[in-house]
Amino acid sequence: MKSYLSLIPISARVRKRQNRMTLLCIVISVLLVTTIFSMADMGIRMEKERVVADHGYWHIMLKEPIRQQVEQVTQREDVAAYSLYDGLNFDLSADYTIGGKACVIAGGEEAILTRIYDNLTEGHYPAREDEILLSNRAKNLLSLEIGDTVTLNTPTGAFDYTISGFGGDVTISSDADVVGAFLNWNSFRALAKAEGSELAPVCFVRFAEHTNVRRVIAELRQTQGFTDETLTENTALLGLTGFSSDSYVMGMYLVAAILFALVLAAGVFMIAGSLNSRTAERTQFFGMLRCIGASRAQIMHLVRLEALYWCKTAVPLGVGAGILCTWLLCALLRFGVGAEFVQIPLFGVSAIGIASGVVVGVLTVMLSSLAPARRAAGVSPVAAVTGNLAEKGNISRPVRKSSLNIETALGIHHAISYPKNLVLMTGSFALSILLILSFSVLIQWVQMALNPLKPWAPDVFYASPENLCEIERDFAARVEGYPYVERVFGRMYQSLPAEYEGKTGRIDLISYESRQFGWAEEDLIAGDMAAVIRGEGVLTVYDKSNALKVGDTIRLEQTELTVAGVLEDSPFDSSDQPTVICSEELFRQITGQDAYAILDVQLTRDATEKNVQELHALAGEKYRFYDRLAQNKDTQNTCYMFCLFVYGFLAVITLITVIHTVNSISMSVSARTKQYGAMRAVGMEAAQIKKMIRTEAAAYTGLGLLAGCGLGLPLHWFLYSQMITNYWGTGWQLPLGTLGGILAFLVFTALLAPLAPAKRICSMAISETINEL
């Protein structure tokens with residue numbers, strides 16, 4: 001043996017079984033970090049591709065800019081592409097048709113189809129004024145080809161165009177029975193002038209890669225006078241690149257940072273606890289090294305290098321397992337969920353994930369080995385020779401029995417006698433509780449974010465063309481008669497002038513029937529639902545632009561409405577007008593209407609596309625038909641998969657905590673083998689030994705529960721406020737169900753951890769425990 005460091009591989013071979021848990025802790029820590037960063041990288045790649053496909057590759061949109069502003073902005077060196085854009089009949093309120101289908105007409109420059117949106121699927125941009133580009137839906141519904149002539153019927157006449165290509169589906173809703181048309185900018189302006197429509201164009205601007213978009217936006221606001229109303233950010237794209245100024249997006253960044261810090265801290269505590277226990281178990285070994293001449297510095301160097309020696313095996317295993325785990329998760333998302341994750345890379349390798357796993361693994365081991373190294377170096381040769389290794393210093397007085405049994409008092413004393421070990425053990429429990437409470441918020445967030453999970457989400461629905469109450473109740477009864485239709489429910493709608501909060505505006509008045517009121521009860525965050533059902537008040541839906549609260553009065557032309565309740569969520573898209581919900585009877589009294597504007601239909605589980613087409617045929621030319629069956633299924637699968645990932649992650653964290661606790665208690669017992677042997681020699685029974693070990697485990701568990709709940713509940717409130725309250729308005733409530741699960745988990749751990757070490761120590765002969773080295 002040339003040096004003390006030569007003992008490292010020898011010790012690793014001799015103590016292979018004992019070191020297995022430490023290696024496992026390092027592997028799991030590296031695996032988690034590698035997987036989290038790799039999945040984040042894969043998610044960003046996928047999300048950027050999807051955001052570009054759905055929302056366009058533009059960073060800012062200028063609303064109704066003047067010509068001088070467009071020229072000054074688009075001539076910047078950091079502008080990669082731009083295009084003016086406008087449209088007619090986006091609300092489908094006018095009689096624009098092609099081939100008998102309602103039509104939306106848009107106009108812009110070539111960049112809008114090729115560099116801002118990737119929407120040119122066939123053919124070319126309509127460069128001539130007599131050319132038109134139609135949506136892919138128009139091609140399928142009307143059986144058209146490039147070069148065909150189509151007639152665009154408008155309120156003022158008919159215009160003939162030659163089809164130059166297909167694409168541009170971004171101009172229309174994906175589930176509407178509507179076709180889209182696209183003209184070049186000059187042709188569109190001529191059509192708008194002929195129709196007497198006033199242009200209100202926007203200008204999409206895309207900046208070059210690696211441009212500090214946040215700084216450019218601030219500069220444009222200062223030099224060009226743009227405001228929040230005239231300059232809109234592509235929040236989704238900027239959020240992925242870290243340049244978004246949206247407060248909710250920034251709040252989500254903070255949430256992600258907190259969750260990552262918790263995961264990292266869990267890895268540090270897990271490895272540090274294992275190293276600390278391994279050092280405590282080998283205290284006499286380090287003391288013997290001191291006896292044969294090893295210095296304190298050599299002992300510290302030995303412990304640190306021994307920890308790095310474990311990294312040689314554990315880090316590559318953790319990184320490899322992390323890559324495989326990432327591939328598995330990506331495959332589950334891509335093939336298990338469907339449309340939501342078709343763009344996620346299947347066998348992508350993330351350099352960021354690998355580097356993070358390696359760096360975090362090595363740094364965590366290095367940091368975790370500092371305290372054990374100092375502790376090992378502090379063992380005196382005298383202590384090693386005499387065998388007095390239980391405590392660093394002598395206690396000044398014996399443990400007093402007081403009102404506790406001696407074994408209970410000793411168990412508590414063993415738990416609190418080593419402050420560093422106590423911090424590591426309770427910290428491990430506390431971090432597990434913090435992670436469980438924190439990630440439980442994610443489950444609630446996804447359940448609120450995915451509307452098709454709501455009980456009121458329709459699979460298909462009918463709408464009157466002008467948003468008028470024109471869908472007769474006989475038609476609703478006819479639809480409900482089909483065997484594959486589970487339920488049908490309708491809503492009446494009317495936009496009414498009103499006075500509220502000291503100002504004049506409009507409200508969206510919507511009716512509910514009893515079933516919908518029952519569903520809304522779950523989303524009630526203030527007020528009384530019963531009064532609304534009786535027609536004695538109305539509900540409003542919380543929104544950042546809607547400050548109506550319980551007790552406020554809404555004055556209509558003929559009556560007054562009192563807000564009796566506030567909902568956190570509803571089936572309706574938010575707008576600048578408050579959404580007001582009342583009973584059907586009250587709606588009839590106010591408006592005189594008795595037919596539906598919207599008819600929602602929920603189908604049975606065995607409903608097929610053929611059934612959907614049959615319902616579509618009922619709409620005819622009278623109603624608009626929307627199909628969301630496939631979208632709902634994809635969203636449902638997304639939720640299930642997301643919950644599977646989160647619960648799986650929590651299961652891993654929980655398993656780590658259980659294994660770490662069992663291992664730590666086992667090592668603590670091993671380190672006190674001679675003490676337990678002496679206690680048994682003076683008459684302590686095996687049952688008392690077991691109770692002492694159980695009490696030690698219970699002490700760690702109880703302190704961990706107090707620390708975890710004390711820190712976890714405020715953190716749970718903060719994350720809930722950032723992710724849910726700030727967006728949906730739902731107030732935080734004490735997570736009693738989650739706390740109950742945590743308590744059950746802690747009780748299980750406290751009962752499980754002492755079993756093996758207590759059985760082992762009690763099965764050893766007294767002479768064997770006293771002479772154990």
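What follows is calculated from the coordinates using simple rules that are stated; it is not laboratory data. Keep in mind that what you see is a predicted model, and the values were worked out from it rather than measured. Reconstructed Cβ throughout: ideal geometry from the backbone, glycine too, with neighbour counts over all protein chains shown.
Is the C-alpha gyration tensor of segment 460-635 telling us rounded, prolate or oblate? Criteria: a/c under 1.5 is rounded; beyond that, a/b larger than b/c is prolate, otherwise oblate. Prolate shape, in that a/c is at least 1.5 and a/b is the bigger ratio.
Candidates Gly225, Tyr125, Ile60 compared by Cα position along the dipole of segment 60-233: farthest toward the positive end lies Gly225, with charges placed on Cβ. Once both labels are positioned 7 Å from their Cα atoms along Cα-to-Cβ, the gap between Arg588 and Glu472 label points is 1.7 nm. Of all aspartates and glutamates in the structure, those lying under 14 Å Cα to Cα from Lys139, and not within fewer than 8 positions of it along the same chain, are Glu122, Asp148, Asp169, Asp177. Extension gain for Ala257 to Phe748 (0.36 nm times residue separation, less C-alpha to C-alpha distance): 173.7 nm. Mind running the shape call on segment 488-589? Use the C-alpha gyration tensor, a ≥ b ≥ c as the square roots of the eigenvalues: rounded below 1.5 for a/c, prolate if a/b tops b/c, oblate otherwise. Rounded shape, in that the Cα axes give a/c under 1.5. The phi torsions of segment 115-131, fed into the Karplus equation with coefficients 6.51, -1.76 and 1.60 and a -60° offset, translate into couplings of 10, 8, 10, 8, 10, 9, 8, 7, x, 9, 4, x, 6, 8, 6, 9, 9 Hz, rounded to whole numbers, with Gly and Pro shown as x.
Per-residue 3J(HN,Hα) values for segment 433-438, derived from phi via the Karplus relation 6.51 cos²θ - 1.76 cosθ + 1.60 with θ = phi - 60°, read 5, 4, 5, 5, 5, 5 Hz in sequence order (x marks Gly and Pro). Cβ crowding within 10 Å ranks Val563, Val150, Val747 as Val747, Val150, Val563, fewest other Cβ atoms first. If you take the square roots of the eigenvalues of the alpha-carbon gyration tensor of segment 60-233 and sort them as a ≥ b ≥ c, do you get rounded (a/c under 1.5), prolate (a/b over b/c) or oblate? The shape class here is prolate. Annotation: the residues Ile659, Ile554, sorted from fewest to most other C-beta atoms within 10 Å of their own C-beta, follow the order Ile659, Ile554. Residues whose amide H lies under 5 Å from that of Ile344, counting only those 5 or more places away or on a different chain, are absent; hydrogens are built 1.01 Å from N in the peptide plane.
The calculated FRET efficiency for Leu618 paired with Thr230, based on their beta-carbon distance and R0 = 41 Å, is about 0.40.
Quick one: order Glu306, Glu685 by neighbouring beta-carbon count within 10 Å, fewest to most. Write down the numbers at each step before the final one.
Working: Glu306 25, Glu685 12.
Placing the least packed residue first, the sequence is Glu685, Glu306.
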